[in-house]
Structures are given as structure tokens and as C-alpha cells.
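What follows draws every value from the coordinates through simple rules; no lab data is involved. On a predicted model such as this, the values are computed, not experimentally measured, just so you know. In this analysis, Cβ positions are derived from the backbone assuming ideal geometry, glycine residues included, and neighbour counts consider all displayed protein chains.
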Amino acid sequence: MTAPTHRTASIRRATSESTVELELDLDGTGQSRIDTTVPFFNHLLTAFAKHSLTDLTVRASGDTDIDAHHTVEDVSIVLGQAIRQALGDKAGISRFGDALVPLDEALAQAVVDISGRPYLVHTGEPVGFEHHLIGGHFTGSLVRHTFEAIAFNGGLTVHVTVLGGRDPHHIAEAEYKAFARAFRQAKALDPL
């Protein structure tokens, strides 16, 4: 197997609602520089970078005075596009990944297939989670929405299941860490 030499991407996206500049290296060490102007989303993306061993730089601004939705959505779209671009023809990767991650009382599982067929199954968040404000203005509903945008723009099949949890911060972070760990396995180079 010949290992790909550069699994990197750099994308800029500007809309009437946001501007996003994103760079990633799938063969990094988990380093990140994240500034989306949405502090809790910065926290989730930092966890994603660290636990997936993806170097990630994100600079984004948008109409967060109205709502965090547009900025978070556009960053997620660009992250998915960058993942797809960096994976290239996907030759020599493990393709599948699975992770079960606890965070105190929360427990989440993620399974990733770098299939080229975008699909998301997302279940188990407690009733009312989608309305909860985490970190001031990041609503719980955005967690599922980010996975949807990443999966569909990245060509990934993603299953995320919340198996338990009470604290919305812990639930969201466990979901992101589980996704990151599963993605880390799936993107890994496979010697077979």
C-alpha cells in the first residue's frame, strides 16, 4: 500500500450570513486553533481535533447577534467539505470506526463509515435537550444539525447514539468525542 502524501484541505466559504476559513490535516497530532465566535462550539471542535488526531484551524464570523445557527451550520458544512477533500480517493484507509465514550454521567457511541454515501442516524438525546441553551446561546438542537452537515458534506455514514446522560454539556461533549474517536479509526491508514 502506498500511503497518501498529503491529506490536507483548506477551504474558505462566505455567505451573506457568515465567513468561514478552515484548514485541516488528517494526519496531524490533534492541534487546534478555533475561533467561531460561538464559545461552546469552539469547545466541541477542539475536542473533535484532539480526539480524532486532526490538526484543525477555524476562523469564522457571522450573524451571531441574531443566532448562533448560521455560523455553526456553515462551519460544519465546511468541515465536512474539507474532510471529503482531504480524504481524496480514500485509498488505503480503515474505512470503519466505532467508539464508546463516557463523560461523567453521559455515555455516547458513534460509528463512522467513510463510505461516500452520506447518512446520519442520531438517537437517544433526552427529551427537551434540543431546547437547552449550552454556554449561553448554543442550543442542543445544533448538535444533531452539525453532525448532519458534516456527514452530508463529508460523504460519511454516521450513527451517533446517546446511551445515557443528564447534563446537556456532558451529553454534547460525549457525542463529539465519540464521533472524533470513531472518525480517527475510520481515517487511519490500513496496512492490509
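Each Lys or Arg adds one and each Asp or Glu subtracts one; over the other residues with Cβ under 12 Å from the Cβ of Thr8, this totals -3. Remark: the range 1-135 is approximated by an ellipsoid whose semi-axes, taken from the C-alpha gyration tensor as √(5λ), come to 25, 21, 14 Å, largest first. For Arg144, neighbours were defined as the other residues whose beta-carbon sits under 10 Å from its Cβ, and their charges (Lys and Arg +1, Asp and Glu -1) total -4. The slack between Tyr119 and Glu17, meaning 0.36 nm per residue of separation minus the straight C-alpha distance, is 34.1 nm.
Of all aspartates and glutamates in the structure, the ones whose alpha carbon falls short of 17 Å from that of Lys90, not counting any fewer than 8 places away in one chain, are Asp25, Asp27, Asp113, Asp190. The mean sequence separation of alpha-carbon pairs under 8 Å and at least six residues apart, normalised by the residue count of the range 94-162, gives a relative contact order of 43 percent. A crude spin-label estimate for the pair Asp63 and Asp89, with each label 7 Å from Cα along the Cβ direction, gives 4.3 nm. Under the criterion of Cα pairs below 8 Å and six or more residues apart, the relative contact order for the chain equals 26 percent. Across all directions, the shadow cast by the convex hull of the range 52-109 built on its C-alpha atoms averages 6.2 square nanometres. The local environment of Pro118, defined by Cβ-Cβ distances under 10 Å, has a net charge of +1 under the rule Lys, Arg +1 and Asp, Glu -1.
For the range 86-166, applying the loop criterion from DSSP together with a ceiling of 12 other beta carbons within 10 Å to the trypsin sites (Lys or Arg not before Pro) yields Arg166.
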